[in-house]
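So the structure is just underneath, and the comments pick up after that.
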Amino acid sequence: MGLTAASLTWLGGAPAAAADATPKKAPAAKQPPPPIVPLNRFGRMWHEYYVARVREAEKAANARRAAVRTKADAEAYVREVRGKIRQSFGAFPEKTPLNARVTRVVERDAYKIENVIFESRPGFPVTANLYVPKGRAFPVPGVVGTCGHSNNGKAVETYQSFAQGLARLGYVVLIFDPPGQGERLQLVTADLKPRQGVGVREHLHVGNQQFLVGEFFGAWRAWDGVRALDYLLTRPEVDPKRVGVTGNSGGGTEATWLCGVEPRWTMAAPSCFVTTFRRNLENELPADTEQCPPRALALGLDHSDFIAALAPKPAILLDQEKDYFDVRGLEETHARLKQLYRLLGSEEDISMFLGPDYHGFSQPVREAMYRWFNRATKHSTAQTEPALTIEKDETLWCTPRGQVAEEKPRNICSFTREASVAARAKRGEVSGAALEKAIATVLKLSMRDGTAPDYRILRPSTGRNYPKRYAGTYAVETEPGIQTLVYRLADDQLLSRPPRGAKRAVLYVAHQSADAELREETLCKEIVGAEKEAAIFACDVRGIGESRPTTTGAAITDPYGADYFYAVHGLMLDYPVVGQRTHDVLRLIAWLKSCGHTEVHLVAKGWGALPATFAAVLSREVVQVTLKHALTSYSEIAEAEDYQWPLSALLPDVLRHFDLPDCYRALAAKRLRQIEPWGALATA
């Protein structure tokens, strides 16, 4: 049989005539390789770790509450929570002159509005509206109103409504702008526009920074409320034996905290805030800095305890059935307080009301507040809200252009800067054993027994384009519930435990992803090329790379994202994220030692440089340190109005004890190499 053209083609050849007769196809364009999908095998790990910790704290606190069985027990419990709240909020400053002035009076049919500015701290102005009823026999009950999140603060229709409604019922009401809202923007441009945003954004910016000097933004806001009460009580129209506090959302937060820190209230009605810390965490509900008191969870506090501190005075917990604050937590809070008030002989003085709507101080909720205050004061029998007239924002301004910043007063950042400068002058340089002790204290590091942590051997990932061909992958259990991901680079495939042999190891602590940085970071390639005889490891500490949270619905670098969410809960648990991550690095060093590596070259970048620095100071196994984009100092952040480091990088009260330059001086003995350090702004 002869070969046909078809058979030649099948065999890989073809007659010349057939080839000439067939048009040649253009070569196919070279396709780019498919993108490398980021690894994230433990995306909910950190969240579930926090859930376990908070549930444990709540269980212990509930056991303490269950032990309250008599009136004497209840009275002791109230004293106890008051003391714990003081521990959480810290000491308040001495009271200084209010220097109050009325800048305008607005006359209306049944009341007048005085636009007032007072100073809650020297040179720190608070803008407020005082609603004074007309045609009343004074003195009458007074109420301090606290504002929730809103760009225009006290001028929001909802907040005007409750202040005006109370005034029409015969109450004197003082409602004031919180920092970062209304007329009290702290950081503005030359034309008085916000530089860091309004409300939440500015709260986070100035509040996160305050932690470095041992301050709490929630305490600052509460102090504004205390001084607002001081001003209210200077007014002869107000009966000091009948004074209450109310507010909604962020104002509900402040009203709740004020119940815990100010004993002069005779009644309270916080709205759309009270639930439990556990419900907020489990529901992945973000909260501002001021809504997360430092050490609160570690101290066994919950929202209920701030109301308990006011017991047995009348308090009503207001909320909406469709609120994003979990109503189940409100019901749990009410049940706790009902038992406490019962033992104190005032069961009828604690109540709750649920409106039918979404989050907000709607008319049904406001009317429940009116009725409660009327019950407590016996001042009015009104059951419903009178007709209201909402004012324009400009009518309620205390300043000519709607911002106190026009007069260039002190802002919160200036107080933080002053505290940082004073702390630096007082502490001086810290070194040796004193530095190690300070690090362990501030980072909340527990004693380590030197035992090696257990670990999992994960299936290796291929095609990642690392500096070496293969990467064994290990999940090292640095504490129960936390797996720290480690890659061991090698020229030969690794499917089992890390090979022994090399005395020296390099451990790279990633900025945001060891997987990505092993491909893209020039420092990684440089170190792999230079360390020919060492075993090469790279890691993601918790919340980084392979355990980057997939929760909260916001990017990790967003100011209100997952990184912030877990950082602020870490502060409530008295276990800052930098301390958690330093613990991870120290445990990895112990793991490396168990693998035969007794000398460690610690290499790190950006966010990872912080735990690497602290671990290097504390670990005897670390003999060399290389840091890229390490933070220059915490003082620089504390003393700058603009910074970009996340809350997870900050340490509470660190500047009273030490600063990063102390650590860098100590690491000179370990051949510290600094590459392109980052200041307050130079981070990505």
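The values are calculated or read from the model by the stated rules, or taken from the named source; none is laboratory data. Because the structure is predicted, anything quoted here is derived from the model rather than measured. Using ideal geometry, Cβ is built from the backbone for each residue, glycine included, and neighbour counts are taken over all protein chains shown.
Worth a mention:
- Filter result (touching a residue at least 12 places away in the same chain (Cβ under 8 Å), surrounded by fewer than 23 Cβ atoms within 10 Å (Cβ to Cβ) and of a type in the set (A, V, I, L, M)) within segment 170-203: LEU187, VAL188, LEU192, VAL198, VAL200
- Out of VAL54, VAL68, VAL116, one residue alone is in contact with a Lys or Arg (Cβ under 6 Å, 6 or more places away or on another chain) and either surrounded by 15 or more Cβ atoms within 10 Å (Cβ to Cβ) or outside the structural domain of GLY182 (by TED's automatic domain parsing) (or both). It is VAL54.
- Test: ALA616 is more than 25 Å from LEU494 (Cβ to Cβ), crowded, with 19+ Cβ neighbours inside 10 Å, in the same structural domain as GLY501 (by TED's automatic domain parsing) and at pLDDT below 95: no
- GLY545 fulfils the conditions (1) surrounded by fewer than 22 Cβ atoms within 10 Å (Cβ to Cβ); (2) in contact (Cβ under 8 Å) with a residue 60 or more places away in the chain; (3) within 30 Å of PRO286 (Cβ to Cβ); (4) not hydroxyl-bearing (Ser, Thr, Tyr) except for a single criterion, (1).
- Qualifying residue in segment 160-172 (condition: part of a strand (DSSP E or B) and more than 26 Å from ARG295 (Cα to Cα)): yes
- For segment 401-442, filtering for residues that are under 30 Å from ILE117 (Cβ atoms), assigned to a helix (DSSP H, G or I) and of a type outside the set (Phe, Trp, Tyr) leaves 14.
- Here GLU641 clears all of (1) out of contact with any Leu (no Cβ under 7 Å at 6 or more places or on another chain); (2) part of a loop (DSSP other than H, G, I, E, B); (3) charged (D, E, K, R) except the condition numbered (1).
- Among the residues of segment 443-458, those that are assigned to a loop (DSSP other than H, G, I, E, B) and at negative phi comprise LEU445, SER446, MET447, ARG448, ASP449, THR451, ALA452, PRO453, ASP454.
- Residue match in segment 351-371 (condition: loosely packed, with under 13 Cβ neighbours inside 10 Å, touching a residue at least 12 places away in the same chain (Cβ under 8 Å) and under 20 Å from GLN160 (Cα atoms)): yes
- Verdict on VAL623 being surrounded by 24 or more Cβ atoms within 10 Å (Cβ to Cβ), on the phi < 0 side of the Ramachandran plot and either outside the structural domain of HIS205 (by TED's automatic domain parsing) or part of a loop (DSSP other than H, G, I, E, B) (or both): no
- Within segment 214-264, considering residues that are of a type in the set (Asp, Glu) and either out of contact with any helix residue (DSSP H, G or I) (no Cβ under 7 Å at 6 or more places or on another chain) or surrounded by fewer than 24 Cβ atoms within 10 Å (Cβ to Cβ) (or both), the one nearest to SER150 (Cα to Cα): ASP224
- Test: ALA128 is crowded, with 23+ Cβ neighbours inside 10 Å, of a type in the set (A, V, I, L, M) and out of contact with any helix residue (DSSP H, G or I) (no Cβ under 7 Å at 6 or more places or on another chain): no
- Some residue of segment 552-566 being hydrophobic (A, V, I, L, M, F, W, C), buried (at least 24 other Cβ atoms within 10 Å of the Cβ) and either under 22 Å from the mean Cα position of the chain (by Cα) or closer than 22 Å to PRO453 by Cα (or both): yes
- Subset of segment 459-485 [among the β-branched types (Val, Ile, Thr) and either part of a strand (DSSP E or B) or in contact with a Pro (Cβ under 9 Å, 6 or more places away or on another chain) (or both)]: THR473, VAL476, THR478, ILE482, THR484
- Flag if ALA91 is loosely packed, with under 13 Cβ neighbours inside 10 Å, under 24 Å from ASP653 (Cβ atoms) and either of a type in the set (Gly, Ala, Ser) or in contact (Cβ under 8 Å) with a residue 40 or more places away in the chain (or both): yes
- Any hit, segment 386-399, residues being of a type in the set (Asp, Glu) and closer than 25 Å to VAL206 by Cα: no
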